[in-house]
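The values are calculated or read from the model by the stated rules, or taken from the named source; none is laboratory data. Quick caveat, the model's predicted, so the values are computed rather than measured. Backbone-built Cβ (ideal geometry, glycine too); neighbour counts: all protein chains shown. These area figures cover heavy atoms from the full protein model, side chains too; ligands, DNA and RNA do not enter into them. Shrake-Rupley method; radii C 1.70, N 1.55, O 1.52, S 1.80 Å.
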Amino acid sequence: MRMEEVIAHVEGLGGVLTLRPQPGDGSPEVSWGDAFLYYAPDGVVPRTQPFATVVTKDYPGDESSRLDRPGAFRVNVAAGRDEYRRWTGSDPREGAPSDVDPSTPDVVIPHPVYGSLGWLAVVEPGPRTEAALRDLLRTAHALARARHDRRAATP
């Protein structure tokens, strides 16, 4: 999957606001070229974290996926504890399995930094992970939508 295919899939789920920082928009330079996906049916950036991101480079403290390679990117998904357990066999609070190489392409892995919060990731998604990644993104979208709906229902 290409980055644009991932973004198009998520936007097709409905109610998604995609932020794509670029020079001149006031965003930090490190975020330029990346994509941050929020559930925001009103089009207003919520005061929550995105439910998925697509990053195209290493961030400070998050270099283990080796996104400094040409064309490399990583899809990060807040798919929740149940999906995290299903994919890793452990609870997010237990930490990532130590035998996982975060730079391996086309494999669902615990997020190298935010795995303890239930985030999963895929570096350079391809044929082995495309269907799984689409499902994980649908799950993350549904969780974000449910959180949004609960907040909206609270007076």
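Enumerate the amide H contacts of V16 below 5 Å, restricted to partners 5 or more residues apart or on another chain; note that Pro and chain-start residues carry no placed amide H.
Long-range HN contacts for V16: A40.
Shape verdict for segment 1-90, please, from the Cα gyration tensor: rounded (a/c under 1.5), prolate (a/b greater than b/c) or oblate.
Here segment 1-90 falls in the oblate category.
On full extension of the chain, what length is gained from S90 through D106, given 0.36 nm per residue of separation minus the C-alpha to C-alpha distance?
Taking S90 through D106 to full extension adds about 3.7 nm, to one decimal.
Distance in nm between label sites at T56 and R151, each 7 Å beyond Cα in the beta-carbon direction?
For T56 paired with R151, the spin-label model returns 2.7 nm.
For a test of the definition: using alpha carbon positions, the gyration tensor, and the 1.5 limit on a/c, classify the chain as rounded, prolate or oblate. Write down the numbers at each step before the final one.
Working: a/c = 1.58, a/b = 1.15, b/c = 1.37.
Oblate, because a/c is 1.5 or more while a/b does not exceed b/c.
Which FRET efficiency value, to the nearest 0.05, do you get for Q22 and R138 by plugging their Cβ-Cβ distance into 1/(1 + (r/R0)^6) with R0 = 35 Å?
The pair Q22/R138 has a calculated efficiency of 0.80.
Given axes a ≥ b ≥ c from the Cα gyration tensor, I'd like to know whether segment 101-155 is rounded (a/c under 1.5), prolate (a/b larger than b/c) or oblate. Walk me through the intermediate numbers first.
On the way: a/c = 5.17, a/b = 1.99, b/c = 2.59.
It is oblate, given that a/c is not under 1.5 and a/b is not larger than b/c.
What accessible area per residue comes out for segment 1-92, rounded to a whole number of Å², with a 1.4 Å probe?
Working: 4740 Å² over 92 residues.
The answer is 51 Å² per residue.
Near the amide H of G126, under 5 Å away, which other amide H atoms are found, from residues 5 or more places off or on another chain, if H is placed in the peptide plane?
Sorted by chain and number, the residues that satisfy this are D106.
When only C-alpha pairs under 8 Å and at least 6 residues apart count, what is the relative contact order of the chain, in percent?
About 21 percent, as a whole number.
Subtract the Cα-Cα distance of A131 and D99 from 0.36 nm times their separation in residues, and report this length gain in nm to one decimal.
My answer for the length gained is 9.1 nm.
For segment 31-155, which whole-number percentage of the solvent-accessible area (1.4 Å probe, protein heavy atoms only) is attributable to carbon and sulfur atoms? Present the calculation step by step, with values, prior to reporting the outcome.
Details: 3430 of 6540 Å².
The value for segment 31-155 is 52 percent carbon and sulfur by accessible area.
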